[in-house]
Each structure stands twice: as C-alpha cells, then as structure tokens.
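S.K.: Dropping the structure in here first, questions after.
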Amino acid sequence: MERATVHIALFAALIAALGLVPKLMLTSGVPITAQSMGIMMAGTILGAKRGAAAVALFVALTLAGLPLLSGGRGGLGVLAGPSVGFVIGFPIAAWATGWIMERLHALPVGIAAAIAATVGGIVILYIPGVAGMAMMLDKSIPQAALLITPFLPGDVIKAVVTAILTQAIFRARPASVFSRQTL
Amino acid sequence: MLALTYSPQTRLHAVPAPIKLTALCAITTALFIIPTGWAIMILGGAALALYAAMGIAFLRAGLRTLYGLWPFVVVLGLWHGWQGDWDSGILIIARLVTAVAFANLVTMTTPLQDMIACLVRLLRPFRRLGLSPNAVSLAIAMMIRFIPVFLSRAEQLKMAYRARSHRSGRWAVIFPLALGMLDDADTVSEALRARGGISPKE
C-alpha cells in the first residue's frame, strides 16, 4: 500500500516535471512536448491500475488549479477548451497502456512497451482527444482528426523513447517495474 | 510552486467552492445546449462584467489566461474563412472563449486547498471500492513535493554531465534521473512504513 501510493505520486510528479521540459520543434513547425511520454511511462512501468491512478492524480491536481499541463496550462478552463478530450483521455490511455503491457508478459520488455505505448498512448488517447476537439470546435470527426495529424510523428518518437527507457529501467531495477511483477 | 489562483482577495474568493463549481457546471452546460448567438453574447457579456467587477488588474490577469487559446482561434478563423462561413466560425470562437473564461474565473478565485478539499469529498463514495482518503491526501502532498525534487535533481545531473562533456546532456540525464527517483520512492515507502504506514481509516 505504501509503496504503491509513493510510486503513484512519483509518476504523477514525473508527468508534471516533463510538462516543464522546453518544447522541441519538429521540422514541420509543430511543437512536441515530453508530457505524453510520462503518460506512456506510467502505463508501461506501473501497469494498468496504478498507472491510471498516477495519471488521474496528475489530471485532478491540474484541474484543481496547478499550471502543470505543458505550456503552463491548468485549471478548470482546460475542461472547457479544445484539448478536453486529451486531458480526460490521459488516465484511460495510461490504463490501456498498462493493460496491454501486462498482457504481453511473454514478449521482451522493450517490444511489449513499444506496442503498449503505441496502442495505449497514441491510438486509445486520440479517440477521446479527437472526439473532444470535434465537439468543442464544432467539427466532424474526420476534420478534427485532420487537425491533430501533425502531432503523430512526435508521438511515435515518444513511444520509441518510452520503450527504450522502460527496457533500461527493467534491466537496472526489475523490482520497480510493477507491470512485470506477479502480484 | 505558483498556483493559478489570483492572490489579492476579491468578493468571488469568499463564495464557497462547491457553489462556484455547481454554477460553472450549469453555465457551461447552458452554453453548449443553447447554441444561439444571443445566449452566447449574454453569457459572454456576463463573464466580462464579472471580471471587470473585480477590478482592472483582475480583468487584465483574466485576459492573459485566455491568451493561450490563440492557436485555436487562428485555426478556426482560417478554417471558416476558407469555407466562407464566418457566422458559425465567430459563434464557435465566442462560445469557446466564454466557456474557458467562466472556468478560469472559478480557478482564479478558488484557493488550491479548497479545490483539493472538494476533490477529496467527491472521492468519498469510492471508499467502498477500497480508495483510502488518507492515501489520496498523502499522494497529493507527495506529488507536489516530488516535482521540485525532480527538477533540482535533473539540474544537478545536467551540471555533472557538463563537467565531463562538451554537450548539454539534456537526454543523457533522463535514465540516471529515473533510476534515482525510483530508488528515492523505495526509500520513502520504507520510511512511511517504519512510521506506522498509511492508516486505512480516516
């Protein structure tokens, strides 16, 4: 119980800290932020339940008024803005990433993490993300999907980095990778 | 850590947080189910009046928080300009800005502790599902404490890296940072358990 609670708080803080990392510009001029990598890591390392709890904690404190979303955004205004679907989708994405990670225990950690981060952190996250954007900006689903495609290459890079980091952490601290524990 | 709360007290700071949150829910719902220009104009005007009633400095701080919406306004403007459909474009932008303005108003006038108190209260029904309110409160406090620890540890690792290399080391420190923090988490949980652990009761 103590260990789980501390790790949940730790990953919530990691996601917040990644939001403060300066943006990296892709050649297309689209900014990529490290924050969604934290969502993926929460899933691949903590597993479904704890990963979702860590991300939910981060989202709750952001909505409560801490400016922790990348770009210093926060507060309830996020729920009324166009990125509402992504913010609500963050815990779901972490849960899905963790769920897939736990199901793929027969595969090497790095490969399992790459698949889990891609499906959970990109495909699953984009579903509520696109839906929220479509609703807030009054666009159809394909139109909203078109608006976010520039972010796709950045997210693929983040899934790869997540896989490499998860693999390295598993090698150095196997006991800290909850998604690979037989609980 | 700087919260988004506006620090000089205004009359809205005195309104209890649950009332503000309920009102915000009602206004936002109204904005989305009555999509007429009049309704949005009246509510938008009301938001502006509320900000202005709290003073010029407050109004200016409020407008600054809305500034982050500009990329969406540009995208919507281009889109509807291209479609030649200005009316609905302006309506959507006005609705978006109004909804965010009301939400920011609540954030700016409600201290973080009040929001967290509301949050913990909202989570109370989940106690039956095994969600301990003590664990939630502790996790909130620990997360807020961990953020500056993360940042200063990253800075230290970067300085150490620069002493050894001519590169900036922005990426090279990620892995040692993660390992150090995971070890810290284990130490913290041991320390918590040694002090009696998290009590499941309130």
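Bear in mind these aren't lab numbers, they're just calculated from the coordinates by the rules spelled out. Predicted model only: the values in this text are computed from it and were never measured. All Cβ positions, even for glycine, are placed from backbone atoms using ideal geometry, and neighbour counts span all protein chains on display.
S.K.: If one puts a single equal scatterer on every Cα of region A:24-183 and applies the Debye formula without solvent, what log₁₀ I(q)/I(0) results at q = 0.09, 0.12 Å⁻¹?
M.R.: Evaluating at q = 0.09, 0.12 Å⁻¹ gives log10 I(q)/I(0) of -0.28, -0.50.
S.K.: Where does region B:87-184 land on the Kirkwood hydrodynamic radius, alpha-carbon pairs, in angstrom?
M.R.: In region B:87-184 this quantity evaluates to 17.9 Å.
S.K.: Just want the answer: with Cβ charges of +1 for Lys and Arg and -1 for Asp and Glu, which residue in A:GLY77, A:LEU125, A:GLY51 is farthest toward the dipole's positive end in region A:2-180?
M.R.: A:GLY51
S.K.: To continue, here is another question. On full extension of the chain, what length is gained from B:VAL73 through B:THR187, given 0.36 nm per residue of separation minus the C-alpha to C-alpha distance?
M.R.: Values: separation 114, 0.36 × 114 = 41.04 nm, distance 4.76 nm.
Taking B:VAL73 through B:THR187 to full extension adds about 36.3 nm, to one decimal.
S.K.: Please state the shape class of region B:11-122: rounded when a/c is under 1.5, otherwise prolate if a/b exceeds b/c and oblate if not, all from the C-alpha gyration tensor. Intermediate values should be presented prior to the final figure.
M.R.: Details: a/c = 2.08, a/b = 1.82, b/c = 1.14.
Prolate.
S.K.: Please give the calculated 222 nm ellipticity per residue for the protein assembly as shown, where each DSSP H segment of at least 4 residues contributes -39500 (n - 2.57) and the sum is spread over every residue; nearest 500 deg cm²/dmol?
M.R.: About -23000 deg cm²/dmol.
S.K.: Using 0.36 nm per residue of separation minus the Cα-Cα distance, give me the extension gain between B:LEU151 and B:ARG127 in nm, one decimal.
M.R.: Separation in residues times 0.36 nm, less the Cα-Cα distance, equals 5.3 nm.
S.K.: May I pose another question? Given the C-alpha atoms of region B:82-140, compute the convex hull and give its volume per residue in Å³.
M.R.: Values: hull volume 8.5 nm³, N = 59.
Looking at region B:82-140, the number lands at 144 Å³ per residue.
S.K.: Find the eigenvalues of the gyration tensor of the Cα atoms of chain B, then list the square roots of 5 times those eigenvalues as equivalent ellipsoid semi-axes, largest first, in whole angstrom.
M.R.: Computed over chain B, the values are 40, 27, 17 Å.
S.K.: Rounded to the nearest 0.05, what FRET efficiency is calculated for B:LYS158 and B:ILE90 with R0 set to 45 Å and r the Cβ-Cβ distance? Could you put the intermediate results ahead of the total?
M.R.: Numbers: r = 47 Å, r/R0 = 1.04.
According to the calculation, E is roughly 0.45.
S.K.: Moving on to the next point. Divide the volume of the convex hull of the Cα atoms of the protein assembly as shown by its number of residues and quote the answer in cubic angstrom per residue.
M.R.: Dividing the Cα hull volume of the protein assembly as shown by its residue count gives 159 Å³.
S.K.: Tell me the Rg and the Dmax, in Å, that the Cα atoms of region B:132-194 produce.
M.R.: So, for region B:132-194, Rg and Dmax equal 14.7, 49 Å respectively.
S.K.: While we're here: For region B:11-122, with the dipole built from +1 on Lys and Arg beta-carbon atoms and -1 on Asp and Glu ones, taken about the Cα centre, which of B:LEU78, B:MET54, B:GLN113 lies farthest toward the positive end?
M.R.: B:GLN113
S.K.: A follow-up question, please. Report the net charge of residues surrounding A:ALA13, where surrounding means a beta-carbon distance below 13 angstrom and charges are Lys +1, Arg +1, Asp -1, Glu -1. Please list the in-between numbers first.
M.R.: Details: positive: B:ARG145, B:ARG153; negative: B:ASP184.
Taking every other residue near A:ALA13 into account, the sum is +1.
S.K.: Place a +1 charge on the Cβ of each Lys and Arg in the protein assembly as shown and a -1 charge on the Cβ of each Asp and Glu, then give the dipole magnitude about the Cα centre in debye, rounded to the nearest 20.
M.R.: Computed charge dipole of the protein assembly as shown: roughly 780 debye.
S.K.: What stretch of chain B, leaving out the sites themselves, is the longest with no trypsin sites (Lys or Arg not before Pro) in a DSSP loop having at most 10 other Cβ atoms within 10 Å?
M.R.: Free of exposed loop sites, the longest segment is B:1-166.
S.K.: Would you mind checking the tilt of helix B:56-66 against the longest principal axis of the Cα atoms of chain B, expressed as 0 to 90 degrees and rounded to 10?
M.R.: 70
S.K.: Using the eigenvalues of the Cα gyration tensor, what equivalent ellipsoid semi-axes result for region A:6-114 when each is taken as the square root of five times the eigenvalue, whole Å, largest first?
M.R.: 24, 17, 12
S.K.: Any chance you could give the angle, 0 to 90 degrees and rounded to 10, that helix B:37-53 forms with the longest Cα principal axis of chain B?
M.R.: 60
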